[in-house]
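The values are calculated or read from the model by the stated rules, or taken from the named source; none is laboratory data. Note that the coordinates shown come from a computational prediction; the quantities given were computed from them, not determined experimentally. Ideal geometry is used to build each Cβ from the backbone, glycine not excepted, and the neighbour counts take in all protein chains shown.
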Amino acid sequence: MTITEEKIDSVRMACAALALQRGEPVVFPTETVYGLGADATNADAIARIYTIKGRPACNPLIIHVPDLTAAERIGHFDEKARALARAFWPGPLTLVVPLRKPSRIAALATAGLDTVAIRVPAHPVAQCLLHAVERPVAAPSANPSGKTSPTRADHVHSAFADEISIILDGGPASIGLESTIIRCIDGQTILLRPGILTRSMMEDVLGTAPDMIMENGPPSAPGQLASHYAPRATLRLNASHVKSGEALLAFGPTPVAGEDRALFKLNLSIDGDLSEAAANLFHFLHQIDEQGATTVAIAPVPSRGAGEAINDRLKRAAAPRPDPGSHILDPESFRVPFVR
Ligand code: TXA
Ligand code: MG
């Protein structure tokens, strides 16, 4: 059942919260992407999330709570973590902090790590649900593992109609890219996943920018694996022209050479606005698959501001796809290498 935003009244919200409390999965909107939620304290409910997504069990989930007070019950926040939380929560930021022990969070949700990823989303439907359920909600993006993230309820419906009985439809996600992930441990901050909140925005709060993950080091989290966010179509990045048989994903007002021969054309932002491009990216990757393109020429997107996160997602979406099952990771690979 998909419940549209205008119909999400208090009765339906209570039903969704009750379903979560009973161990059922519930899809809910956030301002970044849609989440596939489960009670983070219920190991069986969490196991079901991994099964539905086809996600390797060593890839931990983000725990969603309504505010910093609830977050501090789950993790240890040092001064830097608290400063980032105060500046950007509720919002598109996830903080990885040491897990408080003993913990009510199911070990499967954190993949047995002694750290935990926590987020306070701003979307009113997410906020309302988290208040109503009165327990932490683990929620990965609501897409099959490795595939394009959902920014609309329709994207979830077409992937999971049979597996999930409640989808809360909060309309198109306003940001459209997953949260920025910052690891805050022992006074050090490291950017694990770029998002709409940039390192320079963190620097304004912290005084120094978070460290960067080493480009070619072992992955710090499976979301950092080369192939991710992948549509069925093959993507050709930084294309200066369109080859025959290709669709075109353009950016900005400048025409791309040979665009007349494109199977079809989508423009991430005709005005060259990077926030608009971020909000459109995953929806357009879904549309490209729906329209049956097999190869897509992607015009260059500048790497400033939100462009860093857009190019990160495009690079992973274009990367060679692993054989099924071969992306199972050893939890040891979670050790975080970094460069300043
Ligand atoms: O915007 C978002 O963050 C969305 C919405 C639904 O909140 N969620 C999301 O979840 O993107 P997911 O599961 O698709 O990505 C979570 C990422 C994964 O790359 C995971 O490996 C990483 O967070 N992660 C979770 N716990 C971690 C930890 N303790 N240390 C390092 N990375 C962690
Ligand atoms: Mg995801």
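Of the residues that sit in the stretch 205-253 and are among the basic types (Lys, Arg) and either modelled with pLDDT under 95 or exposed (fewer than 14 other Cβ atoms within 10 Å of the Cβ) (or both), which one is farthest from Ile288 (Cα to Cα)? Even if it seems obvious, please write down each step before you answer.
If we filter the stretch 205-253 for residues that are among the basic types (Lys, Arg), which is where we start, we get 232, 236, 243.
Narrowing further to those that are either modelled with pLDDT under 95 or exposed (fewer than 14 other Cβ atoms within 10 Å of the Cβ) (or both): 232, 243.
Values: Arg232: 9, Lys243: 16 Å.
Restricting to residues being among the basic types (Lys, Arg) and either modelled with pLDDT under 95 or exposed (fewer than 14 other Cβ atoms within 10 Å of the Cβ) (or both), the top hit is Lys243.
Of the helices (runs of 4 or more DSSP H) lying entirely inside the stretch 1-73, those containing at least 2 residues that are at pLDDT 95 or above and not aliphatic (A, V, I, L, M) are 43-53, 68-72. Checked against the criteria, Cys184 counts as touching a residue at least 40 places away in the same chain (Cβ under 8 Å), more than 16 Å from ligand 2 (Cβ to nearest atom), closer than 27 Å to Ile74 by Cα and crowded, with 24+ Cβ neighbours inside 10 Å.
Out of curiosity, is Ser174 more than 16 Å from ligand 2 (Cβ to nearest atom) and at pLDDT below 95? Judged against the criteria, Ser174 is not a match. Determine whether the stretch 55-77 contains at least one residue that is in contact (Cβ under 8 Å) with a residue 24 or more places away in the chain, touching a strand residue (DSSP E or B) at 6+ places or on another chain (Cβ under 6 Å) and among the small types (Gly, Ala, Ser). Yes, the stretch 55-77 contains a residue that is in contact (Cβ under 8 Å) with a residue 24 or more places away in the chain, touching a strand residue (DSSP E or B) at 6+ places or on another chain (Cβ under 6 Å) and among the small types (Gly, Ala, Ser).
So, in the stretch 176-188, how many residues would count as being within 13 Å of ligand 1 (Cβ to nearest atom) and more than 18 Å from His228 (Cβ to Cβ)? Break it down into steps so the answer makes sense when it comes.
Our first condition is that a residue be within 13 Å of ligand 1 (Cβ to nearest atom); within the stretch 176-188, this holds for 176-185.
Pick out the ones that are also more than 18 Å from His228 (Cβ to Cβ) and you get 182-185.
Here the count works out to 4.
For the stretch 169-203, the candidate set comprises residues that are in a loop (DSSP other than H, G, I, E, B) and of a type in the set (A, V, I, L, M, F, W, C); within that set, the residue that is farthest from Arg304 (Cα to Cα) is Ala173.
Quick one: would you say Arg82 is free of Cβ contacts under 8 Å to residues at least 40 places away in the same chain and more than 10 Å from ligand 1 (Cβ to nearest atom)?
It is true that Arg82 is free of Cβ contacts under 8 Å to residues at least 40 places away in the same chain and more than 10 Å from ligand 1 (Cβ to nearest atom).
Of all residues in the stretch 132-143, those being buried (at least 20 other Cβ atoms within 10 Å of the Cβ) and outside any loop (DSSP other than H, G, I, E, B) number 4.
This table checks each residue for (1) within 10 Å of ligand 1 (Cβ to nearest atom); (2) surrounded by fewer than 24 Cβ atoms within 10 Å (Cβ to Cβ); (3) not hydroxyl-bearing (Ser, Thr, Tyr); (4) not in a strand (DSSP E or B).
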| position | (1), (2), (3), (4) |
| --- | --- |
| Ser103 | no, yes, no, yes |
| Ala117 | yes, no, yes, no |
| Leu130 | no, no, yes, yes |
| Ser145 | yes, yes, no, yes |
| His157 | no, yes, yes, yes |
| Ile167 | no, no, yes, no |
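Of all the numbered requirements in (1) assigned to a strand (DSSP E or B); (2) more than 17 Å from Arg183 (Cβ to Cβ), Val97 misses one, and that requirement is (2). Among all residues of the stretch 310-322, there is at least one that is of a type in the set (A, V, I, L, M, F, W, C), over 20 Å from Thr180 (Cα atoms) and in contact (Cβ under 8 Å) with a residue 12 or more places away in the chain.
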